[in-house]
Amino acid sequence: MNYISTRSTDGHSVSAAEAIKRGLAPDGGLYMPQQLPVLTRADLAELSALSYPERAANILHRFLTDYTYAELLADCREAYSSERFPGGAAPLHEIDSRMSALELWHGPTCAFKDMALQIMPRLLSRALVKTGETRTALILVATSGDTGKAALEGYRDIPGIRIQVFYPVDGVSRVQKLQMITQTGSNVDVTAIRGNFDDAQTGVKQIFSDPEIREQLNTAGTFLSSANSINWGRLAPQIVYYVSAYCDLCTKGMIRMGDTLDVAVPTGNFGNIFAACIAKRMGLPLGRLICASNRNNILTDFLRTGTYDRNRPFYTTISPSMDILISSNLERLLYLIAGPVRTAAYMEQLARDGKYTVSPEEFRAIREDFTGYFCDEEETGAVIHDVFRKNGYLMDTHTAVGCSAAMQYRAEHPDAPHVLLVSTASPFKFAVDVYRALTGTPAEDELSALNQLSAESRVPIPAPLDGIGNRAVRFTQVIRREDMPAAVLAFAKAAD
Ligand SMILES: *Cc1c(COP(=O)(O)O)cnc(C)c1O
């Protein structure tokens, strides 16, 4: 199966390995499979009997046809092993008889990005071999905290790839900083930048677009690549857990094979919920795709009016991974609904005017699958508090936004089917805000919040965060933004 750009005018297509290696298409569009594989009831019955790594290899093989099943199975077994996901790769937790949480945060960094970033580096490593690439890939990441750590964990010790992460020295939380500066692995580097996240991000972008640095790196046998969430290699693995959850809900008797299942997804860049959309189009019996936003409710407005308008204030919230005004993966939905020519035009309008409006027919097509809700900070805290006190289930701030959306939908549709609430982070990842929501009082400090939350909820601290203050620090360098190119060249030239 081949892949084409969401903005393609000439129909040019590339292999899956090529799409994963490139990330972005040369015309600025995102790669999409040329057709979607079909998932039958018989397939679902067969998948139900398999382990998560086997389910993942089965689904991925339908998309990545230039990888062998044996390659994918080996990669999935490593990526989703019980050492990396001690609590299971994508376990379910029943909140009540009509709502189940799909916990995607039992991996090494306690957030759902591990589901894609544990497997994607392995797919990239094979893509380099398949495309005849002899140079080393250098992954550059500017991070405001979570993505950097998840990428470091995913790429560490992967053959043919090195990873260098830049973070703003005063712009990440203490726990996030500790997670990064204690990172293990022989192919990793972590550097603090004096400045804010924008400085780090701008620095990385400048390096990507500097032909002189690229040439120097090339001489050193290296080329730049990104761990961006728009890469097809990050999206494809996210389709798997919707299929897996459906199988598990059937096995547990929460739904019957063929029943419709609604899903509620805490959304930022639109990757996670778009994976659900693909699963539905393949034939998985999903119903409403409930898109949950925080105060940055640009997607709620889009799904209610058909106008996407980024000309609005940006809010910093307690669900920071959803603080986004440009949801890149929405472009893939536009492509499915409106085709490449109109998608390219909408993206041009977005770049020029900061907004676009889809046609009435396109809007109707989008509304057939998607519904949007949002909630504010107070409501986020109230949901954490109420669900824990009533149902004994502890959730993080992002999941709480998703839960609020699911409850709003249910209130409007009392006969709605079972809803799958996608839980995107461990509550301990956002312990300060979760503790305050539960008790109404602030935690002593960020590290104590982990213990205080554990004592209050009687839920143990997940291993990757436990004792984080006692690990050996490996990376202490703090540099100016202007010195980033030199740091990149030095890392590229340093021997493994
Ligand atoms: C990245 C992230 C999200 C948003 O997911 P998208 O795929 O970008 O929509 C939600 N919650 C958490 C905890 C995240 O890290």
* Asked: Which value, in Å to one decimal place, does the Kirkwood hydrodynamic radius take for region 157-228 when every pair of different Cα atoms is included?
  -> 13.6
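Which percent of the accessible heavy-atom area of region 308-443 goes to carbon and sulfur, probe 1.4 angstrom?
Working: 2890 of 5590 Å².
Carbon with sulfur: 52 percent of the solvent-accessible area.
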* Restricting things to alpha carbons, tell me how big region 426-496 is in terms of Rg and Dmax, in Å. => 18.2, 52
* Structure fact -> So, for the Cα atoms of region 179-289, Rg and Dmax in Å stand at 20.6, 60
* To do: Just need log10 I(q)/I(0) for region 31-169 at q = 0.14, 0.15 Å⁻¹, Debye formula, equal scatterers on the alpha-carbon atoms, no solvent, rounded to two decimals.
  => -0.78, -0.88
* Structure fact -> Excluding residues fewer than 8 positions from Lys21 in its own chain, the aspartates and glutamates with Cα under 14 Å of it are Asp66, Glu133
* For the chain, give the magnitude of the charge dipole about the Cα centre (Cβ charges: +1 Lys/Arg, -1 Asp/Glu; no others), in debye to the nearest 20. => 500
* Asked: If one computes the Cα centroid of region 289-366 and of region 387-455, what distance in Å separates the two points?
  -> 26
* Cross-link reach list, lysines versus Lys390, counting only Cα pairs under 26 Å and skipping chain neighbours closer than eight places -> Lys252, Lys429
* Between Ala411 and Leu489, what length comes free when the chain is fully extended (0.36 nm per residue of separation minus the Cα-Cα distance, one decimal in nm)? -> 22.5 nm
* **Candidate aspartates and glutamates - alpha carbon under 19 Å from Lys280, same-chain residues fewer than 8 apart omitted** => Asp43, Glu46, Asp248, Asp259, Asp262, Glu331, Glu362, Glu368, Asp369
* Give the Kirkwood hydrodynamic radius (Å, one decimal) of region 102-192, defined as one over the mean of 1/r across all pairs of different Cα atoms. => 13.5
* Give the residues of region 448-465 whose amide nitrogen is closer than 11 Å to a point set 7 Å from the Cα of Arg471 in the direction of its Cβ. => 463-465
* To do: In whole Hz, with x marking every Gly and Pro, tabulate ³J(HN,Hα) for region 234-245 from phi via Karplus 6.51 cos²θ - 1.76 cosθ + 1.60, θ = phi - 60°.
  => 8, 6, 3, x, 7, 5, 4, 6, 6, 4, 4, 5
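With the convex hull built on the Cα atoms of region 402-453, state its orientation-averaged projected area in nm².
Values: hull surface 17.6 nm².
If I average the Cα hull's projected area over directions, I get 4.4 nm².
Looking at the chain, send over the antiparallel percent of its DSSP beta bridges, to the nearest 5. Write down the numbers at each step before the final one.
Details: 14 of 50 bridges.
Antiparallel bridges make up about 30 percent of those DSSP assigns within the chain.
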* To do: Work out, step by step, the length gained on full extension between Glu18 and Glu348: first 0.36 nm times the residue separation, then minus their alpha carbon distance; give nm to one decimal.
  => 116.3 nm
* Asked: Measuring with a 1.4 Å probe in the full set of protein chains, what accessible area per residue, in whole Å², belongs to region 90-148?
  -> 27
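Hey, got the dipole for region 48-101? About the Cα centre, +1 on K and R Cβ, -1 on D and E Cβ, debye to the nearest 20?
Values: 5 positive and 8 negative charges, 29 e Å.
Here the size comes out at about 140 debye.
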* Asked: Hey, any idea what Rg/Rh is for the chain, computing Rh the Kirkwood way over Cα pairs?
  -> 0.94
* Structure fact -> Between the modelled labels at Ala42 and Arg281 (7 Å from Cα along Cα→Cβ) the distance in nm is 2.5
* To do: Among Tyr3, Phe363, Thr380, flag the residue with its Cα farthest along the positive direction of the charge dipole of the chain, charges on Cβ as +1 for Lys/Arg and -1 for Asp/Glu.
  => Tyr3
* Each label point is 7 Å from the Cα along the Cα-to-Cβ direction; what then is the distance between the points at Thr134 and Glu78, in nm? -> 2.4
* **Selected from Ala400, Ala276, Ala101, residue furthest toward positive end of dipole (the chain; charges at beta carbon)** => Ala276
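Assigning unit charges at the beta carbon (Lys, Arg +1; Asp, Glu -1) and nothing else, what dipole magnitude in debye, to the nearest 20, does region 157-254 show about its Cα centre? Before the final figure, lay out the partial values.
Values: 8 positive and 9 negative charges, 63 e Å.
The calculated dipole for region 157-254 is roughly 300 debye.
Between Thr305 and Arg98, what FRET efficiency comes out of the Förster formula 1/(1 + (r/R0)^6) with R0 = 35 Å and r the beta carbon distance, rounded to 0.05?
Working: r = 29 Å, r/R0 = 0.84.
With a Förster radius of 35 Å, E is 0.75.
Convert 37 °C to kelvin, take the viscosity as 0.692 mPa s, use the Kirkwood radius over C-alpha pairs of region 122-171 as Rh, and evaluate the Stokes-Einstein diffusion coefficient in µm²/s, rounded to a whole number. Walk me through the numbers before you get to the answer.
Details: Rh = 11.8 Å.
Roughly 279 µm²/s, to the nearest whole number.
With N set to the number of residues, divide the alpha-carbon radius of gyration of region 4-59 by 2.2 N^0.38 Å and report two decimals. Write down the numbers at each step before the final one.
Numbers: Rg = 15.2 Å, N = 56, 2.2 N^0.38 = 10.2 Å.
Taking the Cα Rg and dividing by 2.2 N^0.38 Å, one obtains 1.50.
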* In nanometres, what is the gap between the two model label sites at Glu378 and Leu50, each 7 Å from Cα along Cα-to-Cβ? -> 4.9
* Structure fact -> Going through Lys149/Lys205; Lys113/Lys355; Lys205/Lys493; Lys177/Lys205 one by one, the pairs whose alpha carbons sit over 24 Å apart turn out to be Lys113/Lys355
* Cα centroid of region 22-44 to Cα centroid of region 169-210, whole Å -> 31
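Taking N as the number of residues in region 361-493, what is its alpha-carbon radius of gyration divided by 2.2 N^0.38 Å? Could you put the intermediate results ahead of the total?
Numbers: Rg = 20.6 Å, N = 133, 2.2 N^0.38 = 14.1 Å.
Output field value: 1.46.
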* **Charge tally in the Cβ shell below 14 Å around Asp445, where Lys, Arg are +1 and Asp, Glu are -1, Asp445 excluded** => 0
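The values are calculated or read from the model by the stated rules, or taken from the named source; none is laboratory data. This structure is a prediction, so every number in the text was calculated from the model and none was measured. Cβ atoms come from the backbone with ideal geometry, glycine included; neighbour counts cover every protein chain shown. Areas reflect the complete protein model, heavy atoms only, side chains present, ligands, DNA and RNA absent. Shrake-Rupley method; radii C 1.70, N 1.55, O 1.52, S 1.80 Å.
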